[in-house]
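Below is one structure, written out as structure tokens; comments come after it.
The values are calculated or read from the model by the stated rules, or taken from the named source; none is laboratory data. No experiment lies behind these values; they were computed from the predicted model shown. Positions of Cβ are generated from backbone atoms using ideal geometry, with glycine treated the same way; all protein chains shown enter the neighbour counts. Only protein heavy atoms, including side chains, enter the accessible area calculation; ligands, DNA and RNA are left aside. Shrake-Rupley method; radii C 1.70, N 1.55, O 1.52, S 1.80 Å.
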Amino acid sequence: MLSISLVNLKPGTGKTTSAVWLAHAFHARGLRVLLVDADPAASALRWSDLADGFPFRVAGLPVKDIHRRIPDVAGGMDVTIVDVPQIEDHAGIARSAMRWAGELILPVAPAGVELDRMAPIRGEIDDLEAVRPDGARSSVLLNRVVSGASSGPMARRVLTAQGHGVLSTTVPRLELYAQSFGAPVHAPGTAYDELATELLARDGSSW
């Protein structure tokens with residue numbers, strides 16, 4: 001099973017948007033997907049309700065022992081994605097979800113204030129390294145990238161210098177994603193479809 005947690009220090013970085021779009025991208029490939037909403041704000045669950053349901057399983061699990069409970073709800077899944085609350089307000093839940101995941105994905109916009117907060121996240125990941133799954137990875141997803149702007153390549157250099165792995169896929173700044181909350185999602189052909197391809201290739205999967 002591919003196990004993914006979307007994580008960041010603060011809210012508003014695109015965790016829920018990325019979790020929902022990525023889950024749809026995997027589902028569109030015929031994979032069995034579970035989306036876990038671990039945020040007490042329940043934004044992913046609310047999105048599913050507004051969109052008359054997602055075409056895959058969605059579960060709410062905003063608990064501090066999520067790493068123990070997920071195996072009970074994720075049996076038979078090919079991909080499980082957790083929308084994790086911000087570390088600064090819900091550290092217990094976030095650390096448990098980070099401990100469980102084989103893939104940590106950190107959505108980050110190429111803006112100074114967001115890049116400045118990445119060093120503490122690196123520390124959080126390092127602190128959990130001993131209890132994370134064998135072969136676990138953490139990677140930054142550059143999000144809300146303006147096409148042709150220098151901020152994207154600059155952010156990639158800064159993050160790499162901080163010790164972060166940065167995914168090849170970038171998510172452009174588009175109304176398609178920014179205004180998608182509550183609406184049905186069609187992921188094929190989008191940046192999140194490209195992201196699904198990259199993650200499956202890194203995992204050695206043949207889908």
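In this structure, does residue 130 turn out to be outside any loop (DSSP other than H, G, I, E, B) and either closer than 20 Å to residue 190 by Cβ or in contact (Cβ under 8 Å) with a residue 60 or more places away in the chain (or both)? Show your work before the answer.
On the way: outside any loop (DSSP other than H, G, I, E, B): yes; either closer than 20 Å to residue 190 by Cβ or in contact (Cβ under 8 Å) with a residue 60 or more places away in the chain (or both): no.
The answer is no for residue 130.
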State which residue pairs qualify: first residue at negative phi and inside the stretch 35-55, second residue open to solvent by 70 Å² or more (accessible area, probe 1.4 Å) and modelled with pLDDT of 95 or more in any location, beta carbons under 6 Å apart, and separation of 6 or more residues or different chains. 47/181; 51/184
Filter the stretch 186-207 for residues that are out of contact with any Ser or Thr (no Cβ under 6 Å at 6 or more places or on another chain), under 22 Å from residue 101 (Cβ atoms) and open to solvent by 20 Å² or more (accessible area, probe 1.4 Å) and give the result. 193, 197, 201, 202, 203, 204, 205, 206, 207
Mind telling me which of the residues 99, 95 ends up being open to solvent by 30 Å² or more (accessible area, probe 1.4 Å), of a type outside the set (Phe, Trp, Tyr), part of a helix (DSSP H, G or I) and over 21 Å from residue 199 (Cβ atoms)? 95
What number of residues within the stretch 163-176 are open to solvent by less than 20 Å² (accessible area, probe 1.4 Å) and modelled with pLDDT of 95 or more? 3
Considering only residues that are modelled with pLDDT under 95 and in a loop (DSSP other than H, G, I, E, B), look in the stretch 181-207 and name the one that is nearest to residue 49 (Cα to Cα). 207
